[in-house]
Amino acid sequence: MTNINKPKILMVDDEKLSVELLSGILNKDYEVIAAYDGNEALVKAKNSFPDLMFLDIMMPGINGFDLCRLLRDDEETMSIPIVMVTSLHEKKDRIKAIEAGADDFLNKPVDMDILYAKVKSLLKVKSYYDNLMNANKAMINNNQEVLEIEHPFLKPNPCVADIVKSHLEIIILRMISVRPMCGLDLIKEIFINYNVLLSQGTVYPFLYSLKEEGILQAQFMKGNMRTKRYYSTVEGKQMIEKKLDEFIKTEEYILNSIKSNRGTITISSQQ
């Protein structure tokens, strides 16, 4: 099997011997990439798109907990399964790792049978997740193509897209105040309501910013440590109540712009 066809595994540990040991065991069936500190691992995770990461907790500089959080908060790396490799056995350390977004644990010294079992299991999960995300993206693109075929004069209006983008924060707040959503849910809902297809790179920075401001909170979905669902905090709900009139006027403006571009056909709006 060539490296092109092998799943990629990123090994992160400041102890070179540990990396070499695990790499020697796995490199027959997998392409193993080594990193010896958190900063190097962050760069390699973004450049090589690994299918799985083994991450040591105790490292100088960026430790395993902080690196895991950084990876989970970045849309390019949030779906990578992460196994924490540790000699820590305290319950509080396990909880801290789970809260940071770890999928599983591997105790030092490493048991080879357990290592192989975890690799196979998590790669299956990653493959399922990737297929699901690709199917969702294909569905959005297909819906857009159907709209354009059935109603060729309904092609997305750049003017409407600009309006949606300039009011995206209030639109996101309103939608999430109705029900918790992940980023992909928001992209679908915005497309359905306004016939505007936004990229993840447009939507996620708003989610991160609102989370930093304490307006939104995020939790990993049950049984899925790669997808965060966002919901309003008390402060966020108060903000949307104060800005409800602004949202109503914004949506009316958007929908009127859509109607002016496509005649009498209506589009569903978020109530």
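Every number in this text was worked out from the coordinates using simple rules, so none of it is lab data. Owing to the predicted nature of the structure, the values given are computational and were not obtained by experimental measurement. Backbone-built Cβ (ideal geometry, glycine too); neighbour counts: all protein chains shown.
The figures follow:
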{"item": "Potential extension, Asp66-Asn27 segment - 0.36 nm per residue separation minus Cα distance", "result": "11.3 nm"}
{"item": "Label point distance in nm, Leu197-Lys92, each placed 7 Å from Cα along Cα→Cβ", "result": "5.0 nm"}
{"item": "Euclidean distance between Cα centres, the range 194-208 to the range 64-133, Å", "result": "27 Å"}
{"item": "Sites Lys124 and Glu212 - FRET efficiency at Förster radius 30 Å, r taken between beta-carbons, to 0.05", "result": "0.30"}
{"item": "Net +/- balance of residues flanking Glu15 in space, Cβ distance below 15 Å, scoring K and R +1, D and E -1", "result": "-4"}
{"item": "Estimated FRET transfer efficiency (Glu40, Lys6; beta-carbon r; R0 30 Å; 0.05)", "result": "0.90"}
{"item": "Placed amide H near Cys182: partners under 5 Å, 5+ positions off or other chain", "result": "Tyr230"}
{"item": "Convex hull volume per residue in cubic angstrom - Cα atoms of the range 8-127", "result": "93 Å³"}
